[in-house]
Each structure stands twice: as C-alpha cells, then as structure tokens.
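Asker: What follows is a structure written as structure tokens; I'll ask about it next.
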Amino acid sequence: MNENILIADDEREITDLVELYLKNDGYNVYKFYNGCDALKCIEKEKIDLAILDVMLPDADGFQMCRSIREKYYFPIIMLTAKTADEDKIFGLTVGADDYITKPFNPLEVAARVKTGLRRYTRYNRFGDAENESEEVSEYDIRGLVINKKEHKCTLYGKALTLTPTEFSIVWYLCENQGKVIPSEELFEAVWGEKYLDNNNTVMAHIGRLREKLKENAKNPKFIKTVWGVGYTIEK
C-alpha cells in the first residue's frame, strides 16, 4: 500500500516540486496551498505523513500542527524560512517530528519523509518489550542511512565512500543518537586504545566526515559539536 502524504505550502513552485519527487518515490500526494483545505482533507482521508509550511495565507502552521495532534499521531514535518533555534524548538514542542528550513533540496525532503514513515512504522510495529532486545543493523537519520551488516552508508540515496574508521565513527554516533559522546569515549570505542590529552585524531576524522557529508562546519545537519563536551547526532 502506498502511503498518503499531505503537503500544505502556499509557494506553488516548492509544493509542485516536492509533489513531483514524492510521486516519483511512489507516494500518493494530497497538495494544498492553504491550511483550511489541508485540514479538511485530513478529516476525510487517511494521511500517513504531513508536510506543513509555518506561514500559510489563512493559517499558522504551528497552530495547525497543534490541532492535528489533538486527534492524529502521524509524523509531521514543518517547512519554514525561519532558522532560529527558538522556532525549531517551538515547532517540536507543539508536536512536529522534524523541521526543514528553506531553501532546501527536494531530495532531502523526500529522504526525511522516508525516515519519518520508517520511524513511525517501526515504533508501532516493534514498540513492545518483546522486540526491544532485537539488534539494530540499520539507522536512518534524516536521509543518512548506515547499514552495519552490509557495511554501507548512503546520504539521500547516494553511496558514501567511508574508511572503516569513519564508518565506525558514524555507526557509534548513530547507535547513541541523541546523546553527546565525549571525544575520549568516541576514541576509545573506535580505536580501542586509551585516549591521551591533546589527541586531535577524533577532530580530524570528524572534519573529513563532514566534508564527505557536505556539511556546513558552522551549522552541520548531522554531526554536531557540543563545545567542551563532544559530538552528537540528534534524533
């Protein structure tokens, strides 16, 4: 069964482009340029994931998100031109699952949709205690997919050429997503040696990984630096 994706954004070019990419991935798309029609659709159709613009001509995206959460639990991705952390935090607080700032690559949106649906499906299917002990062999972090069994890593569907050490770094951070991992812990887990003061090995490898991920060093999307503490990949 193909999932139903709803898009609500008054910028027609953006909405039409995202619709095209999602349809190419096999999703059914319900497209709207205002909030009122989008909410009516949600009442009538079974929606599996919604993409909402923060600023619609007739509605506040955050308020829409809050209203949807009163009845529905499908993933919600917010689109916005605002980059302030306060806006992101507020969006997540009212019930959004993910947050994408404009301008963006449509491939990234498609990847985030896939990730959101996969996470939602896994949570509902494997959320019971009986299956929690099953070993995870793959992580999908907003389009960054790493598979331990196949020893492959892709970004938005494109293969990344990682050294065994780089692969191990990404895997360890994904395995501990949401936690801040000190440089000492990361070094000892990956290299299997005792960490010594003034060791810049981890920093150098993180730098190369960010280049391969095409990350903005000042505002990375994946591997973030918590100054004075370590590194983290957010959930």
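Asker: Which whole number in µm²/s is D for region 11-67 by Stokes-Einstein, with the Kirkwood Rh taken over Cα pairs at 20 °C and 1.002 mPa s? Mind showing how you got there, number by number?
Answerer: Values: Rh = 12.0 Å.
So the translational diffusion coefficient is about 179 µm²/s.
Asker: If r is the Cβ-Cβ distance from Lys179 to Asp60 and R0 is 35 Å, what FRET efficiency results, to the nearest 0.05? Let's see the in-between values first.
Answerer: Values: r = 33 Å, r/R0 = 0.95.
With a Förster radius of 35 Å, E is 0.60.
Asker: Here is a follow-up. Averaged across orientations, what area in nm² does the convex hull of the alpha carbons in the chain project? Mind dumping the intermediate values first?
Answerer: On the way: hull surface 56.3 nm².
Approximately 14.1 nm², given one-decimal rounding.
Asker: So, one more: Sort the following peptides by mean Cβ neighbour count (other Cβ atoms within 10 Å, averaged over residues), highest first: 45-58, 135-148.
Answerer: 45-58, 135-148
Asker: Now for a different question. Rounded to the nearest 0.05, what FRET efficiency do Glu150 and Asp25 have when you use their Cβ-Cβ distance and R0 = 25 Å? Could you put the intermediate results ahead of the total?
Answerer: Values: r = 21 Å, r/R0 = 0.84.
Efficiency, rounded to the nearest 0.05: 0.75.
Asker: Which percent, nearest 5, of DSSP beta bridges in the chain are antiparallel?
Answerer: Values: 18 of 35 bridges.
Beta bridges within the chain, antiparallel portion: roughly 50 percent.
Asker: Separate question: With θ set to phi - 60°, apply the Karplus curve 6.51 cos²θ - 1.76 cosθ + 1.60 along region 3-10 and write out the HN-Hα couplings as whole Hz, x wherever there is a Gly or Pro.
Answerer: Each residue's phi maps through the Karplus curve to give 6, 9, 10, 9, 10, 10, 7, 7 Hz.
Asker: Give, in nm to one decimal, the length gained when the segment between Glu135 and Leu17 is fully stretched (0.36 nm per residue of separation minus the Cα-Cα distance).
Answerer: Working: separation 118, 0.36 × 118 = 42.48 nm, distance 3.76 nm.
Full extension of this stretch gives 38.7 nm more.
Asker: Give the span of region 37-84's Cα atoms along each principal axis, as three whole-Å numbers ordered largest to smallest.
Answerer: 32, 21, 15
Asker: Can you compute the helix-only [θ] at 222 nm over the chain? Use -39500 (n - 2.57) per DSSP H run of at least 4 residues, normalise by all residues, nearest 500 deg cm²/dmol. Working shown, then result.
Answerer: Working: 8 runs with 95 residues, N = 235.
Calculated mean residue ellipticity at 222 nm is -12500 deg cm²/dmol.
Asker: Let me ask you something else. How much length would be gained if the chain were fully extended between Tyr72 and Arg118, taking 0.36 nm per residue of separation minus their Cα-Cα distance, in nm to one decimal? Could you put the intermediate results ahead of the total?
Answerer: On the way: separation 46, 0.36 × 46 = 16.56 nm, distance 1.72 nm.
Between Tyr72 and Arg118, full extension yields an extra 14.8 nm.
Asker: Any chance you could tell me what percent of the C-alpha pair distances in region 136-215 go past 17 Å? Please report the intermediate quantities before stating the final value.
Answerer: Numbers: 1423 of 3160 pairs.
More than 17 Å apart: 45 percent of the Cα pairs in region 136-215.
Asker: Got a sec? What order do Tyr99, Tyr156 fall in by accessible area at 1.4 Å, biggest, i.e. largest, first?
Answerer: Working: Tyr99 20, Tyr156 60 Å².
Of Tyr99, Tyr156, the descending order of accessible area is Tyr156, Tyr99.
The values are calculated or read from the model by the stated rules, or taken from the named source; none is laboratory data. These numbers were taken from a predicted model, which means no experiment stands behind them. As a convention, Cβ positions derive from the backbone with ideal geometry for all residues, glycine included, and neighbour counts pool all protein chains shown. Keep in mind that these areas ignore ligands, DNA and RNA; they rest on the heavy atoms of the full protein, side chains included. Shrake-Rupley method; radii C 1.70, N 1.55, O 1.52, S 1.80 Å.
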